[in-house]
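One structure below.
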Amino acid sequence: MRPAAEGAVRQTAIDAGREALLDVKALNAWYGAAQILFNVDLQVRRGEVVALMGRNGAGKSTTFKALMGLLAKRRGNVSFMGHDISGAQPHEIAARGLGFVPEDRRIFTDLTVLENLDVGRQGKRHWPDNTAAPIWTPERLFKLFPNLGEMPNRLGGRMSGGEQQMLTVARTLMGNPYLVLLDEPSEGVAPVIVEQMAHMILELKAEGVSILLSEQNMHFAELVSDRAYVLEKGQIRFEGTIDELAANDAVRQAYLSM
């Protein structure tokens, strides 16, 4: 059952009838013999920010890993930009313009900020209508993340956790992705970094970049998201606008309260 409150006022990309960039149907995934995801369906459209909400252990990070081809055993249909990527390898998926910012950051600690950014560099991209997709350069990213602009030659290993988080996002953007999977952007970082991350997400949305973010923080999700899915024990329990989720006390108490 996927309940939804009435009276939502936010206009979302789904209301505009846009085609889905990412269309996931009946996604199942396993770690070894243990099944973690059960028939997960979700969509993300162009210029849309969608939150995948749930407690720790709900299956949010597993969903992202399955979408990126990082799990050995997965089933279901995953379409991205009109292409079936269900059986594709991670490097093939990234090359198509699906970016991934993992929760554990994975920066190169012995490389500088600029060198880390260069690792993520890919060529220009165009939308199916042949209009240019956003192009990201270190200069543009330093405007988006002023903290990074103050330390272009600092080694990744000498940065704070929040700074490393920003660097991971920036490195992903150097690939000029159409859509970014952003895993727990507000988790374990200082409030000032959380504020900067929210600003960054809204800036990316304004540029036409779509984002699917995993979150536990309802306040953060409300700041940046158009729609939301709630995941519990590997199953989607709710889908709707972020306003509908905010108004649905029963769903939030059942699946999001700590």
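Every number in this text was worked out from the coordinates using simple rules, so none of it is lab data. Here the structure is a predicted model, which is why all the values come from computation and not from measurement. Cβ: placed from backbone, ideal geometry, glycine included. Neighbour counts: every protein chain shown.
When all alpha-carbon pairs of the chain are counted, what percent fall beyond 34 Å?
Summing the P(r) tail past 34 Å for the chain gives 13 percent.
Round to the nearest 10 and give me the degree value, 0 to 90, for the angle of helix 191-206's Cα axis relative to the longest principal axis of the chain.
Result, in degrees: 80.
Between Ser257 and Leu114, with labels modelled 7 Å along Cα→Cβ, what's the label distance in nm to one decimal, could you check?
Spacing of the two 7 Å Cα→Cβ label points: 5.3 nm.
Over the Cα atoms of the range 98-181, what radius of gyration and what Dmax do you get, in Å?
Rg and Dmax of the range 98-181, Cα atoms, are 12.8, 43 Å.
Whole angstrom only: what separates the Cα centroid of the range 216-258 from the Cα centroid of the range 78-139?
When both Cα centres are located, 27 Å separates them.
Given the chain, what percent of its DSSP beta bridges are antiparallel, to the nearest 5?
The answer is about 60 percent antiparallel.
Can you put Ser186, Ser79 in order, fewest other beta carbons within 10 Å first?
Ser79, Ser186
Give the Rg/Rh ratio for the range 157-250, taking Rg as the radius of gyration of the Cα atoms and Rh as the Kirkwood radius, to two decimals.
Expressed as Rg/Rh, it is 0.98.
Reachable aspartates and glutamates from Lys143, Cα under 16 Å, same-chain residues fewer than 8 places away excluded?
Partners found: Glu163, Glu195, Glu203, Glu207.
Which entries in the list Lys124/Lys205; Lys65/Lys205; Lys65/Lys124; Lys205/Lys233 go over 28 Å, if you measure between the two C-alpha atoms of each?
Lys205/Lys233
Taking the number of other C-beta atoms within 10 Å as the exposure measure, put Thr109, Thr131, Thr241, Thr63 in order starting with the fewest.
Ranking Thr109, Thr131, Thr241, Thr63 by Cβ neighbours within 10 Å, fewest first, gives Thr131, Thr109, Thr241, Thr63.
Which of the listed residues, Pro185, Ala246, Ala34, is farthest toward the dipole's positive end in the chain, when Lys, Arg count +1 and Asp, Glu count -1 at the beta-carbon?
Ala34
Looking at the range 190-258, which trypsin sites (Lys or Arg not before Pro) are DSSP coil and have at most 15 other C-beta atoms within 10 Å of their C-beta?
Lys233
Of Ser86, Ser160, Ser225, how do they rank once you tally other Cβ atoms within 10 Å and put the fewest first?
Ser160, Ser86, Ser225
Would you compute, from DSSP H runs of 4+ residues alone, the mean residue ellipticity of the chain at 222 nm, taking -39500 (n - 2.57) per run and dividing by the full residue count, rounded to the nearest 500?
-8500 deg cm²/dmol
In debye, nearest 20: dipole of the chain around its Cα centre with unit charges on the Cβ of K, R (+) and D, E (-)?
The dipole of the chain has a size of about 640 debye.
To the nearest 20 debye, what is the magnitude of the charge dipole of the range 19-80 about its Cα centre, counting +1 on the Cβ of each Lys and Arg and -1 on the Cβ of each Asp and Glu?
The dipole magnitude comes to about 220 debye.
Would you mind getting me the FRET efficiency between Glu139 and Ser79? Use the beta-carbon distance for r and R0 = 45 Å, nearest 0.05.
0.85
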